[in-house]
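What follows draws every value from the coordinates through simple rules; no lab data is involved. Computed from a predicted model, the values in this text were never measured in an experiment. Heads up, the Cβs are rebuilt from the backbone with ideal geometry, glycines too, and the neighbour counts pull from every protein chain shown.
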There are 2 protein chains.
Amino acid sequence: MKILNGGLENVRGFSFSARECGIKYENKLDLALIHSSTPCNASGLFTKNRIFAAPVKLCRERIGNRIHSILMNSNNANASTGQIGYQNALVITDELARQLDIASESVLMASTGVIGVQLPVNKIISEIPHLVKGLSAENARLVPIAIMTTDTRPKEFAVSFSSSMGDFNIGGIAKGSGMIAPDMATLLSFLITDAPLERKDLDTIFRKCINDTLNSITIDGDMSTNDTAIILSPISDNYLNDSKDLRLFEDSLMAVLTKLSSMLIDDGEGATKSIKVVVSGAKTDEDAKKAAKTISESLLVKTAIFGKDPNWGRIACAAGYSGAEIEEENLSISFENIKILERGTPLQFDKETLDKIMSRREYTINIDLGMGRGKSTFMTTDISYDYIKINSEYTT
Amino acid sequence: MKILNGGLENVRGFSFSARECGIKYENKLDLALIHSSTPCNASGLFTKNRIFAAPVKLCRERIGNRIHSILMNSNNANASTGQIGYQNALVITDELARQLDIASESVLMASTGVIGVQLPVNKIISEIPHLVKGLSAENARLVPIAIMTTDTRPKEFAVSFSSSMGDFNIGGIAKGSGMIAPDMATLLSFLITDAPLERKDLDTIFRKCINDTLNSITIDGDMSTNDTAIILSPISDNYLNDSKDLRLFEDSLMAVLTKLSSMLIDDGEGATKSIKVVVSGAKTDEDAKKAAKTISESLLVKTAIFGKDPNWGRIACAAGYSGAEIEEENLSISFENIKILERGTPLQFDKETLDKIMSRREYTINIDLGMGRGKSTFMTTDISYDYIKINSEYTT
């Protein structure tokens, strides 16, 4: 596997475009298109929120089709917009399909931004000719910019791998900096590859990789109405299906999604820390995930991390109410390699060394439940003054 | 029912005491005692956290006994302190019992403060003679002060009611300002009454009242290791057992606990708002509680409230992932009497009037799920810069 410069442009057979459409702000790229002239197999994972956006409904209906294009917009979520919102998504994707000369059913759509406001359909429709005309490989770098909302920087990553059928590439982009929570951990993420995979292989591998990456990060514990992750792989007469090749594909996709996940955490709203929460020794992997998630989402843990306060009691407390099987006398906690709780007994530790660790931007907290062999890793951020600032001023 | 001035001192048969013991800080009341020379029936509700403090273990063992006293300390939770922590609680309550000439098993204990630090046993033991000597009705006002940690003011309330057996009083105190979450919503709350109730009546009524009050408020969604609520009622040959009298007792206890709950919310760490979240039209009461709890705990909702931002999309979104049965097209939301979403359709509203409502310290958000007749009310706060400040500087 090789890490490539740039992002989506590394993947053969796709073209890209982005426009300033004025959906909410002027002079901001807010509409983008990923297109493949070859039809693709697609796999998608979407929010589990019962209130979900119109484009999520549209994607769920179409994800099993032969897919050519994904249309994206930022600054408007098209969520809580009722039947009109869904009709708007249909009208827009119909018009795009007409101009690309493809079936409407082969176009997916994803939106992110404010909830409860109708899309400015006419503005978008009038930009579609320019969007189609602008399709090129070079414009790939504009797409991760066009989907940004409170993100401070675009997120893209790409790798290549060598299989028995030759070299292939996987590129991915993501946006999201608040409302990132497990069960679709990001607002939007799009992956494309020139490796041809059968739909069922693509689906199995994509779900597995998302579970360990985008579904294992948290910023504020809220679950969005719009969470969407989609991967496209070209339909072919000659699929990658050797088990070793599929393993290489999986490793490469995992690498892309892992990198995108850490970029999301690094750019968490107001975050000053990127923390890895590693739970081991749980009765089951599921228990480990419960504990890792609850610790990662605890406001008291997150404020302690922000304040560089080694308040391990808050970590023990969060593990205690996570629902995981836990016994106080089996619990051990360390910050990096500094043990501070050993099987229920607080240890003396060097405060200066610990302070140095907690002053880093990135470090790992290890929690050993001492109950079995289950394990899980989560990525989380601290909660800072800036998180409050960003989120108390979002729509006004 | 009549609201009384002051708190615990209104209840006949109890005496009180508090001392500066230097558990963590000098010149702070941090040790307190509630005592009844008549043995009492007790009912208690405790944290559901699997990591629970030594005094919680002690209370669980003793709550069914004839109870004379509750010893309380602040500034040290005696949690995650292992077998030594439990032994310390035993030694301290043994010594108190000896000096009061009562059985050890008749003494309860509750602690609040930092987790993972052993109690300064000798300091506490040496204060016990002064604590016992100081017992008086007048010292009641010191007890809610002695249990404060980050609370900015003591919380006490008392009422009287007239039954067929004469007039009785109920007094209560509470502390807690962060880590207040459903399933024992406060760190510590103590209620006493001179109304004699059989243990099973006391227990049934106490559980019911707590469920609608202390278990229906949230500040940061964290669940403490020390949450404790206890009520004492004198053992008697002549119990209050007429159903009308018991109903009067329940209403009075509910009034005390409701008032204490709103005092806790008003004093939430860094809180600038006290918000009532009223969910109606749920399929079941349980569904309503799920939605009310999730909306009340959502960081995005809480930051919007802080910023006076009528971002109802975040409320819909939180309701959507609460686990309650919900359909977008049935959902209605209003701030006080201003409807902003009507069965899935956003309404035009007067921004100025809404801004006036959201500028108040207290207001109500109504969410009608339109699915049935279930309802639930939660109390919540906003999350402000000061919450972050208080909690990032707690132990250091």
Cα-derived Rg to Rh of chain B, Kirkwood definition
1.00
Note down the Stokes-Einstein diffusion coefficient of the stretch B:333-381 in µm²/s, whole number, using a Kirkwood radius over alpha carbon pairs, 4 °C, and 1.567 mPa s.
107
Alpha carbon Rg of the stretch B:205-254, scaled by the compact-globule rule 2.2 N^0.38 Å:
1.46
In µm²/s, what is D for the protein assembly as shown at 10 °C and 1.306 mPa s, where D = kT/(6 pi eta Rh) by Stokes-Einstein and Rh is the Kirkwood radius from Cα pairs?
57
What fraction of the DSSP beta bridges in the stretch A:1-122 is antiparallel, stated in percent and rounded to the nearest 5?
75
at B:T284 the sorted inter-copy label distances (label 7 Å from Cα on Cβ side), in nanometres, are 2.2
Determine the percent antiparallel among the DSSP beta bridges restricted to the protein assembly as shown, to the nearest 5.
75
Label point 7 Å beyond Cα along the C-beta direction, distances from A:Y86 to other copies (nm, shortest first)
5.7
Expressed as cubic angstrom per residue, what is the convex hull volume of the alpha carbon set of the stretch B:302-364?
83
Which whole-percent values make up P(r) of the stretch A:94-144 when all C-alpha to C-alpha distances are grouped in 5 Å steps starting at zero?
4, 14, 21, 28, 22, 9, 2
With A:T345 itself left out, Lys, Arg at +1 and Asp, Glu at -1 over residues whose Cβ is under 12 Å from its Cβ give -1
Non-local amide H neighbours of A:E269 (under 5 Å, H modeled in plane, Pro and chain starts lacking H): which ones?
A:G178
Taking the Cβ of A:G85 as the centre, find all other residues whose Cβ is under 10 Å away and add up their charges (Lys, Arg: +1; Asp, Glu: -1).
0
Closest-to-axis residue of chain B (Cβ criterion, axis taking B to A), whole Å
B:Y385, 3
Would you mind listing how long the stretch A:273-334 runs along its three principal axes, going by Cα atoms, in whole Å with the largest first?
32, 22, 18
Please compute the average number of Cβ atoms from other chains found within 10 Å of each residue's Cβ in peptide B:49-56.
5
Within the stretch B:281-382, chymotrypsin sites (Phe, Trp or Tyr not before Pro) in DSSP loop having at most 16 other beta-carbon neighbours inside 10 Å:
B:F349
Inter-copy label distances at A:S126, 7 Å along the Cα→beta-carbon direction, one decimal in nm, shortest first?
8.2
Please work out the ratio of the alpha-carbon Rg of the stretch B:60-179 to 2.2 N^0.38 Å and round it to two decimals.
1.17
Send over the Kirkwood Rh of the stretch A:22-67, from the inverse of the averaged 1/r over different Cα pairs, rounded to one decimal Å.
13.1
So what does log10 I(q)/I(0) come out to for the stretch B:1-115 at q = 0.13, 0.15 Å⁻¹, using the Debye formula with one equal point on every Cα and no solvent?
-0.53, -0.70
For the stretch B:76-120, the Debye formula with one identical point scatterer on each Cα and no solvent gives log10 I(q)/I(0) at q = 0.17 Å⁻¹ as -0.47
Note down the net charge around A:Y363, summing +1 for each Lys or Arg and -1 for each Asp or Glu among other residues with Cβ under 13 Å from its Cβ.
+2
Rh_Kirkwood(the stretch A:231-324) over Cα pairs, Å, one decimal, evaluates to 16.2
Where the eigenvalues come from the Cα gyration tensor of the stretch A:258-396, what are the semi-axes √(5λ) of the equivalent ellipsoid, largest first, in whole Å?
25, 18, 13
Fraction of beta bridges assigned by DSSP in chain A that are antiparallel (%, nearest 5):
75
Please identify, among B:A318, B:A292, B:A110, the residue showing maximal mean-square fluctuation in a Gaussian network model of chain B using a 10 angstrom Cα cutoff.
B:A318
Output needed: percent of Cα pairs per 10 Å distance bin for the stretch A:45-101, bins running from 0 to the one holding the longest distance.
20, 57, 22, 1
Shape descriptors of the stretch A:193-352 over alpha-carbon atoms, Rg and Dmax in angstrom, are 19.3, 64
